[in-house]
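Below: the structure, in structure tokens.
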Amino acid sequence: MTAAYSRRLLAGLLLLFLFSPSAAQSALPKKGTVALVLHEGSASLDGSGQTLGTAEATVLEILLQNGYSVVNPRRMEEIRRSKAARAALDGDVDAILRLGSQYGVGFFVSGRAKLPQPRQNEFGLFTATADIAVEAYSTATGKYVFSGTASGKQLGYSAGEALEKALTEAARAMAASLVGAPPQESAALSTSATVRLTLNKVTSFNQINEVLETCRHLAGVTSAKATGYSGGAGQIELDYRGDIQELGSSLAKRQNNLAVRVVGPGQITAEFQ
């Protein structure tokens with residue numbers, strides 16, 4: 001292999017890296033105005049339309065903050081009511097092209113949201129999940145420029161609150177994908193802390209070991225250790241990443257002979273039945 005050939009090969013590999021998709025600075029190009037529609041892809045709670053509108057606004061705000069040009073709200077309502085937009089949601093190429101010629105849109109982003117009914121736990125809190133399948137098209141060619149998924153999971157004191165928080169989290173993840181940035185975790189999911197679990201009415205150390213083994217397999221628990229046992233009470237210390245109310249709920253479900261009595265900042269109190 002000659003020195004000249006080696007230099008040409010090295011230059012070729014460098015160009016391949018620089019212009020490969022992985023080296024792109026963002027998933028969605030900034031060379032055109034963006035129109036965005038979030039819509040439901042399955043049965044969900046009544047009245048979730050307002051929640052979808054809030055999620056749309058969240059995505060658009062993040063796009064604006066990252067230097068994208070977006071369609072103004074009045075123009076967006078006009079687009080939303082058009083036949084072309086409804087057909088574009090199903091991937092109709094001609095409809096996507098019409099959005100570009102009629103409304104001056106450079107990119108059409110469609111987010112299909114799946115919003116299952118939130119579930120209530122024994123503490124009266126609701127857990128909601130939201131999943132968004134994202135597709136972005138160029139209105140110049142009608143072809144995909146981006147596709148992906150985003151999801152969110154949150155707790156709330158009502159089904160509506162939990163759903164809105166979960167969908168907003170999914171919307172933030174969706175926007176982060178569109179701009180090519182890693183999604184930021186919610187405070188409830190990203191907070192890591194030590195939780196002290198106090199067990200009452202303990203009759204043997206085997207009971208503490210049983211709960212300890214259960215805790216080690218709970219979602220969000222990174223480590224667990226027994227730290228004390230005397231006078232019918234035991235202590236377990238957990239390193240936990242998540243919402244402490246959810247931890248208490250999970251523990252009560254997995255450990256049937258244990259009643260969770262108190263859940264507070266950094267501590268859970270339970271007793272054997």
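The values are calculated or read from the model by the stated rules, or taken from the named source; none is laboratory data. Everything numeric in this text was worked out from a predicted model, so none of it was measured. As a convention, Cβ positions derive from the backbone with ideal geometry for all residues, glycine included, and neighbour counts pool all protein chains shown. Heavy atoms of the whole protein, side chains included, go into the accessibility calculation; ligands, DNA and RNA do not. Shrake-Rupley method; radii C 1.70, N 1.55, O 1.52, S 1.80 Å.
In the range 102-121, how many are hydrophobic (A, V, I, L, M, F, W, C) and outside any strand (DSSP E or B)?
Summing the residues that are hydrophobic (A, V, I, L, M, F, W, C) and outside any strand (DSSP E or B) in the range 102-121 gives 2.
Among the residues of the range 238-273, which ones are charged (D, E, K, R), part of a strand (DSSP E or B) and over 11 Å from Leu199 (Cα atoms)? Walk me through how you get there before you give the answer.
Residues of the range 238-273 that are charged (D, E, K, R), as a first pass: 239, 241, 243, 246, 253-254, 261, 271.
From the residues that got through so far, the ones that are part of a strand (DSSP E or B) too are 239, 241, 261, 271.
Scanning the range 238-273 gives Asp239, Arg241.
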Members of the range 65-94 that are within 20 Å of Glu40 (Cα to Cα) and in contact (Cβ under 8 Å) with a residue 12 or more places away in the chain: Met76, Glu78, Ile79, Arg80, Ser82, Lys83, Ala84, Ala85, Ala88, Leu89, Gly91
Scope the range 253-273; condition among the small types (Gly, Ala, Ser) and crowded, with 19+ Cβ neighbours inside 10 Å; matching residues: Ala270
Selection from the range 122-144 of residues that are open to solvent by less than 20 Å² (accessible area, probe 1.4 Å), assigned to a loop (DSSP other than H, G, I, E, B) and in contact with a strand residue (DSSP E or B) (Cβ under 7 Å, 6 or more places away or on another chain): Leu125, Thr139
Filter result for the condition that a residue is aliphatic (A, V, I, L, M), at pLDDT 90 or above and not in a strand (DSSP E or B), over Leu189, Leu163, Leu178: Leu178
Residue check for Ala176: out of contact with any Gly (no Cβ under 6 Å at 6 or more places or on another chain), among the hydrophobic types (A, V, I, L, M, F, W, C), open to solvent by 20 Å² or more (accessible area, probe 1.4 Å) and under 30 Å from Ser110 (Cα atoms): no
Long-range neighbours under 9 Å by Cβ, at least six apart or interchain, first residue touching a residue at least 40 places away in the same chain (Cβ under 8 Å) within the range 239-258, second among the aromatic types (Phe, Trp, Tyr) and open to solvent by 40 Å² or more (accessible area, probe 1.4 Å): Gln245/Phe123; Gly248/Phe123; Ser249/Phe123; Ala252/Phe123
Which numbered condition Gly148 misses (of (1) within 20 Å of Ala35 (Cβ to Cβ); (2) of a type outside the set (A, V, I, L, M); (3) at pLDDT 90 or above): (3)
Yes/no for Arg81 being within 22 Å of the chain's Cα centre (by Cα) and open to solvent by 70 Å² or more (accessible area, probe 1.4 Å): no
Counted residues, the range 221-236 - those being touching a Ser or Thr at 6+ places or on another chain (Cβ under 8 Å) and open to solvent by less than 50 Å² (accessible area, probe 1.4 Å): 4
Thr168 outside any strand (DSSP E or B) and surrounded by fewer than 17 Cβ atoms within 10 Å (Cβ to Cβ): no
